[in-house]
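The values are calculated or read from the model by the stated rules, or taken from the named source; none is laboratory data. On a predicted model such as this, the values are computed, not experimentally measured, just so you know. Cβ coordinates were reconstructed from backbone atoms using ideal geometry, including for glycine residues, and neighbour counts include every protein chain displayed. Only protein heavy atoms, including side chains, enter the accessible area calculation; ligands, DNA and RNA are left aside. Shrake-Rupley method; radii C 1.70, N 1.55, O 1.52, S 1.80 Å.
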Amino acid sequence: MASISNIFIDQGATFTTTLTINDSNGSALDLTGYTAIAQIRKSPSSSTSTSFTVAFVSPRTTGQLTISLTDTQTTALEAGRYNYDVLITDSSGTKTRVVEGIATVNPSVSR
């Protein structure tokens with residue numbers, strides 16, 4: 001089961017956060033050989049999405065990865081609530097949703 005982590009994104013600003021993925025024993029998952037994707041959608045059934053850039057923290061044995069959006073991407077998001085998740089794939093092709101939650105996009109005043 002994916003862990004729940006709600007995030008807050010400031011519209012018009014660069015967004016980055018680091019996530020730690022743990023195994024079933026609560027230890028950092030060795031992410032060597034894994035790939036990952038992360039997306040944000042207005043609702044889970046929405047046909048449009050924005051993809052986060054996903055980067056693994058070195059060394060991958062720390063179980064950490066970062067997800068980020070550029071200021072251009074966050075400007076394009078309307079203020080409000082969204083759903084997001086992070087999906088990792090191991091070297092055998094097994095996919096696991098490791099993090100999910102609500103992403104709140106806070107409106108920008110400065111332009």
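Would you mind working out the magnitude of the charge dipole of the chain relative to its Cα centre, with +1 at each Lys and Arg C-beta and -1 at each Asp and Glu C-beta, to the nearest 20 Debye?
220
Based on Cα positions only, what radius of gyration and what Dmax would you give for segment 66-111, in angstroms?
Cα-based Rg and Dmax for segment 66-111 come out at 14.3, 47 Å.
Taking the Cα centre of each part, how many Å lie between segment 28-73 and segment 86-111?
5
To the nearest 0.05, what FRET efficiency results for V109 and T17 with a Förster distance of 22 Å applied to their C-beta separation?
After rounding, the FRET efficiency stands at 0.50.
Using just the helices of the chain, give the 222 nm mean residue ellipticity in deg cm²/dmol: DSSP H runs with n ≥ 4 each add -39,500 (n - 2.57), and the total is spread over all residues, rounded to 500.
Result for the chain, helices only: -1000 deg cm²/dmol.
Quickly work out the T66-to-D30 label distance, labels modelled 7 Å from Cα along the C-beta direction, and quote it in nm with one decimal.
2.5
Report, to the nearest whole %, how much of the accessible area of the chain belongs to carbon and sulfur atoms, 1.4 Å probe, protein only.
Summing carbon and sulfur atoms, their accessible area is 49 percent of the total for the chain.
So for segment 7-111, taking the charge dipole from beta-carbon charges (+1 Lys/Arg, -1 Asp/Glu), which of T32, V98, I7 sits furthest toward the positive end?
I7
Dimensions of segment 1-74 along principal axes (Cα, Å, largest first)?
Principal axes ranked by extent give 35, 25, 21 Å for the Cα atoms.
Return the single residue from T17, T32, T94 with maximal mean-square fluctuation; model: Gaussian network over the chain, springs between Cα atoms under 10 Å.
Of T17, T32, T94, the most mobile in the Gaussian network model is T94.
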